Amino acid sequence: MNRASGERGYCRAGALARVFRFGPHGGEEPPISGTGGSGTVFFAHCTMSCVFCQNYRFSQQDRGKEVSADELSEVFLSLQTAGCHNLNLVTPTHFLPQILEGLKMAFSGGFGLPIVYNTSSYENMDTIESLEGVVDIYLADARYADERLAREYSGAADYVVRSREALKAMWDHSGQLELDGEGIARKGLIIRHLVLPGHLKDTRRVLEWIAKGISTDVAVSLMGQYRPMHRAYGHRTLGRRLSLKEYDEALRFARSLDFETLFVQRPDSDFPADLLGEKMGSSW
Ligand code: SF4
């Protein structure tokens, strides 16, 4: 697929990076958001197509503005000037060459924030290898253990194999979460799992795999923010919010595995990423 000559693939991204919104974000895990916010850049398009995507307006409906590498570097530098703790690249994979070019320019302009790679983990190994020495922190999903769910809900039948391979490589590159004296992340891997309503069995399998396939030393974020959005409205299983009972059961199981670090986000707590994104000041 030659995007530079106008061809478009599954994700529909073009030759230039497309940014939906950027700004300080207070809704990530505490060591990522800190007090100054995480300098988040939401990229449009996505390599998956989740029926419940809360960011569907830009991940699947492609909203946003195309930007040059120069403009991207200005965005990165503006987040540093705004006092953000890090640069948080959300769904960046399909724009990696453009991002690396923008980063190169930003570095020569004095950019020095830790870089967070915020990914579904549906990655090629070549991509992850190319990030070694560039990315400091991986904020990476482990969505499914059942391939049928990955195919039905996200259109990615090989998600389980691909994501597990990618997560292992991220763990090898970045290791355990390291914080500075203020409790802000400097380096490491946080694996996120979004608990889906009616799918606790899959949640247990995902968590078990993380403990055995990666390590109980890895930081795990158990996300209870699920609510039906996009094509999940009216869905027989996904058409409702996660109950507190379901979340607490998932949490009990996660605790029984003895992870070194476990971030807890109950369904009634307030950090839905895209809603906070809506409140960000800087948008296109
Ligand atoms: S939920 Fe994440 S991985 Fe799935 S379509 Fe949306 S942005 Fe992409």
Study note, to complete from the structure: Exactly one of Gly14, Gly102, Gly37 is away from the ligand (no atom under 16 Å from the Cβ), farther than 23 Å from Met229 by Cα, touching a residue at least 12 places away in the same chain (Cβ under 8 Å) and in contact with a His (Cβ under 6 Å, 6 or more places away or on another chain), and that one is Gly37
Point to revise | Count - residues of the range 197-217 that are in a loop (DSSP other than H, G, I, E, B) and crowded, with 22+ Cβ neighbours inside 10 Å | key: 1
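Does Val19 satisfy the criteria of being in contact with a Gly (Cβ under 6 Å, 6 or more places away or on another chain), of a type outside the set (Gly, Ala, Ser) and within 16 Å of the ligand (Cβ to nearest atom)?
Details: in contact with a Gly (Cβ under 6 Å, 6 or more places away or on another chain): yes; of a type outside the set (Gly, Ala, Ser): yes; within 16 Å of the ligand (Cβ to nearest atom): yes.
Spelling it out, Val19 is indeed in contact with a Gly (Cβ under 6 Å, 6 or more places away or on another chain), of a type outside the set (Gly, Ala, Ser) and within 16 Å of the ligand (Cβ to nearest atom).
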Practice item. Test Arg162 against the criterion of being surrounded by fewer than 16 Cβ atoms within 10 Å (Cβ to Cβ) and charged (D, E, K, R), and give yes or no. Key: no
Check your understanding: If you take the residues of the range 121-139 that are away from the ligand (no atom under 16 Å from the Cβ) and in contact with a strand residue (DSSP E or B) (Cβ under 8 Å, 6 or more places away or on another chain), which of them is farthest from His85 (Cα to Cα)?
Key -> Leu131
Exercise for review: Return the pairs, sorted by first residue and then second, in which the second residue is modelled with pLDDT of 95 or more and not in a helix (DSSP H, G or I), the first residue lies in the range 57-79 and is of a type outside the set (A, V, I, L, M) and away from the ligand (no atom under 16 Å from the Cβ), the beta carbons are less than 7 Å apart, and the residues are 6+ apart or on different chains.
Suggested key: Lys65/Arg18; Lys65/Val19; Glu66/Arg18; Ser73/Gly109; Phe76/Leu87; Phe76/Phe111
Check your understanding: In the range 40-56, which residue that is within 13 Å of the ligand (Cβ to nearest atom) and aliphatic (A, V, I, L, M) is farthest from Gly23 (Cα to Cα)?
Key -> Val51
Point to revise | Residues (in contact with a helix residue (DSSP H, G or I) (Cβ under 6 Å, 6 or more places away or on another chain) and within 15 Å of Gly224 (Cα to Cα)) located in the range 250-259 | key: Ala250, Phe253, Ala254
Check your understanding: Hey, does the range 93-102 have a residue that's closer than 30 Å to Phe263 by Cα, of a type in the set (S, T, N, Q) and in a loop (DSSP other than H, G, I, E, B)?
Key -> no
Exercise for review: Return yes when Asn88 is within 16 Å of the ligand (Cβ to nearest atom), within 16 Å of the chain's Cα centre (by Cα) and surrounded by fewer than 18 Cβ atoms within 10 Å (Cβ to Cβ) and no when it is not.
Suggested key: no
Review point. Going by the structure shown, is Tyr122 crowded, with 18+ Cβ neighbours inside 10 Å and either in a helix (DSSP H, G or I) or under 14 Å from the mean Cα position of the chain (by Cα) (or both)?
Key: yes
Point to revise | Residue tally, condition farther than 18 Å from Gln80 by Cα and within 16 Å of the chain's Cα centre (by Cα), over the range 1-26 | key: 1
Review point. Does the range 166-175 contain at least one residue that is in contact (Cβ under 8 Å) with a residue 60 or more places away in the chain, out of contact with any Asp or Glu (no Cβ under 6 Å at 6 or more places or on another chain) and outside any helix (DSSP H, G or I)?
Key: no
Practice item. Considering each of Tyr153, Tyr144 in turn, give the residue that is buried (at least 18 other Cβ atoms within 10 Å of the Cβ), outside any loop (DSSP other than H, G, I, E, B) and hydroxyl-bearing (Ser, Thr, Tyr). Key: Tyr153
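With respect to Ser108, is the statement that it is hydroxyl-bearing (Ser, Thr, Tyr) and within 13 Å of the ligand (Cβ to nearest atom) true? Let's see the steps before the verdict.
Working: hydroxyl-bearing (Ser, Thr, Tyr): yes; within 13 Å of the ligand (Cβ to nearest atom): no.
For Ser108, the condition - hydroxyl-bearing (Ser, Thr, Tyr) and within 13 Å of the ligand (Cβ to nearest atom) - is not met.
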Check your understanding: Any idea which residue in the range 156-165 is farthest from the ligand (Cβ to nearest atom), counting only those that are closer than 17 Å to Cys11 by Cβ and in a helix (DSSP H, G or I)?
Key -> Arg162
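The values are calculated or read from the model by the stated rules, or taken from the named source; none is laboratory data. This structure is a prediction, so every number in the text was calculated from the model and none was measured. All Cβ positions, even for glycine, are placed from backbone atoms using ideal geometry, and neighbour counts span all protein chains on display.
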